Structures are given as C-alpha cells and as structure tokens.
1. Under 5 Å between amide H atoms, partner at least 5 residues away or on a different chain: which partners does B:A48 have, H built in plane at 1.01 Å?
2. Give the list, by residue number, of cysteines in chain B with no other Cys Cβ closer than 4.7 Å, or say none.
3. Holding the Cα-Cα limit at 31 Å, pick out from A:K69/B:K20; B:K41/B:K66; A:K69/B:K55; A:K68/B:K41; A:K58/B:K66 the pairs that are longer than that.
4. So for A:K58, B:K20, A:K78, fewest C-beta neighbours within 10 Å to most, what's the order?
5. Check A:A17: other-chain or 5+ apart residues with amide H under 5 Å from its amide H, H built from backbone geometry?
6. Tell me, B:Y107, A:Y25, B:Y36, A:Y39 in order of fewest to most beta-carbon neighbours within 10 Å?
7. Can you return the aspartates and glutamates within cross-link range of A:K78? Criterion is Cα-Cα under 14 Å, with same-chain partners fewer than 8 residues away left out.
8. Using θ = phi - 60° and the Karplus relation 6.51 cos²θ - 1.76 cosθ + 1.60, list the HN-Hα couplings for the stretch A:69-79 in order, rounded to whole Hz, with x at every Gly or Pro.
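Laboratory data are not the source of any read-out in this text; all were calculated from the coordinates shown. All values reported here derive from a predicted model rather than from experimental measurement. Here the Cβ is made from the backbone with ideal geometry for all residues, glycine too, and neighbour counts use every protein chain on show.
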Amino acid sequence: AQSVTQLGSHVSVSEGALVLLRCNYSSSVPPYLFWYVQYPNQGLQLLLKYTSAATLVKGINGFEAEFKKSETSFHLTKPSAHMSDAAEYFCAVSDLTQAGTALIFGKGTTLSVSS
Amino acid sequence: GAVVSQHPSWVICKSGTSVKIECRSLDFQATTMFWYRQFPKQSLMLMATSNEGSKATYEQGVEKDKFLINHASLTLSTLTVTSAHPEDSSFYICSASGAGGYQETQYFGPGTRLLVL
C-alpha cells in the first residue's frame with residue numbers, strides 16, 4: 001500500500017527566506033509523486049510532478065522538488081518565499097502505471113509567510 | 001490546457017433535499033474522474049473513482065446510495081448527494097485525468113462547498 005507523510009503540519013518563514021516542505025512516501029512500486037497547492041476555498045493546483053524522469057523537478061512559481069529514492073523523500077523547496085506563497089501544500093503519491101489510479105494525499109502543510 | 005470546472009461553487013440546502021454537483025473537463029477528454037471530500041483543515045479523502053461509461057468504484061465507508069456518481073460522457077461527471085443532512089456539509093472536489101498527455105496527472109476542479117441546514 002502507498003502512503004505519504006508530510007512532516008510538519010505548519011511551517012512559518014519570513015519573506016525572502018528558504019521554503020522547505022518535507023514529504024516522505026511509501027510505495028511498493030515505482031511511484032509517481034506530486035505536489036499540489038491549495039489556496040483558501042479553492043481546488044488544488046499542480047505545482048510539479050515526478051514521473052520517473054529527472055529526479056530534480058522544477059515546477060511553477062519557483063518551486064522545485066528532488067526525488068531521493070534512498071531516502072524515500074520528495075521535499076519541496078523554494079529559494080525565496082513570497083507573501084503569495086502562503087497556502088496549504090499537499091504531497092501525493094500514485095501508481096499511474098494503472099490507468100485511473102487515485103492519488104494518496106498527505107495531511108498537508110500550511111505555509112505562513114511573514115513580512 | 002487541462003482545465004476542470006465545477007458547478008455550483010457554493011450550495012446551501014435544507015436537510016432532506018438532494019444536491020447535484022457537476023464536474024467538467026473543459027479542454028480534454030476525461031476518461032477517469034475522481035470525487036474527493038475535504039473537511040476543514042484536513043486533507044482530501046477519496047470518495048469514488050469513475051470511468052466514463054462504467055459504474056463508479058466507491059471507497060470503503062462511502063455510501064453509494066447516498067452519493068450517486070454518474071460519468072456519462074468524457075467531459076462530465078456528476079455527484080448527487082441524496083437526502084442531504086448537516087453531516088454531509090463539506091467541501092467536495094473533483095479531479096480528472098485523461099488519455100494521451102493528460103494521463104499522468106489529475107487536474108482538479110475549484111471545489112464545491114455544500115452547507116446543509
């Protein structure tokens with residue numbers, strides 16, 4: 001069975017500081033990994049995804065994540081936080097080798113950015 | 001590309017009534033659609049998976065007779081909450097994945113907030 005653990009339900013950073021949101025996964029098959037962002041009262045927007053190509057994945061809004069198989073991690077980073085980055089972030093795993101496989105989500109991490 | 005819409009975005013209804021939520025893929029054919037439920041400050045919980053033209057597959061604990069899902073076309077899936085009660089109040093989000101370049105990723109709708117009085 002697949003699972004996702006997001007360490008830290010709440011992360012606070014100052015504007016301009018490094019953002020690091022942690023995600024560890026468990027999967028018996030090569031995983032597909034995703035980071036989504038959710039703003040209040042909105043759906044989820046895809047930030048980036050790993051689908052067994054390059055291990056360093058660049059996404060939108062300056063975010064990137066690195067797939068580390070040895071650590072079963074897929075941490076999300078951004079060099080310099082912006083106020084507009086404040087939102088809820090979800091890490092998710094799936095086995096999309098099977099068509100129509102659902103995503104398994106972590107519990108989410110709330111990112112706060114202070115000026 | 002890959003836009004998914006939901007309608008309505010907000011709905012308030014009386015206890016005992018039924019509510020239908022639509023999920024549409026606007027620019028791609030969604031062979032599979034998913035319905036999630038999200039409680040405040042919590043993650044998304046998968047309710048059911050539907051493939052176009054087939055019956056939906058419900059997750060354990062989700063009442064199929066209460067949450068009716070129809071995926072009659074490649075661009076539309078509907079979730080009907082029958083005989084809604086206050087405990088059904090939640091944020092319902094759909095997602096879609098499709099053939100070709102849209103297979104690897106689920107694209108999410110903006111969500112529908114349901115309040116049952």
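1. Close amide H contacts, sequence-distant or interchain: B:W35, B:E59.
2. B:C13 - these cysteines have no disulfide-compatible partner (Cβ-Cβ under 4.7 Å) in chain B.
3. A:K69/B:K20; A:K69/B:K55; A:K58/B:K66
4. On the way: A:K58 11, B:K20 14, A:K78 21.
The order, fewest Cβ neighbours first, is A:K58, B:K20, A:K78.
5. Distant-sequence amide H within range of A:A17: A:A81.
6. On the way: B:Y107 23, A:Y25 19, B:Y36 26, A:Y39 13.
Ascending Cβ contact count within 10 Å gives the list A:Y39, A:Y25, B:Y107, B:Y36.
7. The reachable aspartates and glutamates, counting only those whose Cα sits under 14 Å from A:K78, are A:E15, A:E64, A:E66.
8. 3J(HN,Hα) across the stretch A:69-79, in whole Hz: 4, 5, 9, 6, 10, 8, 6, 9, 9, 8, x.
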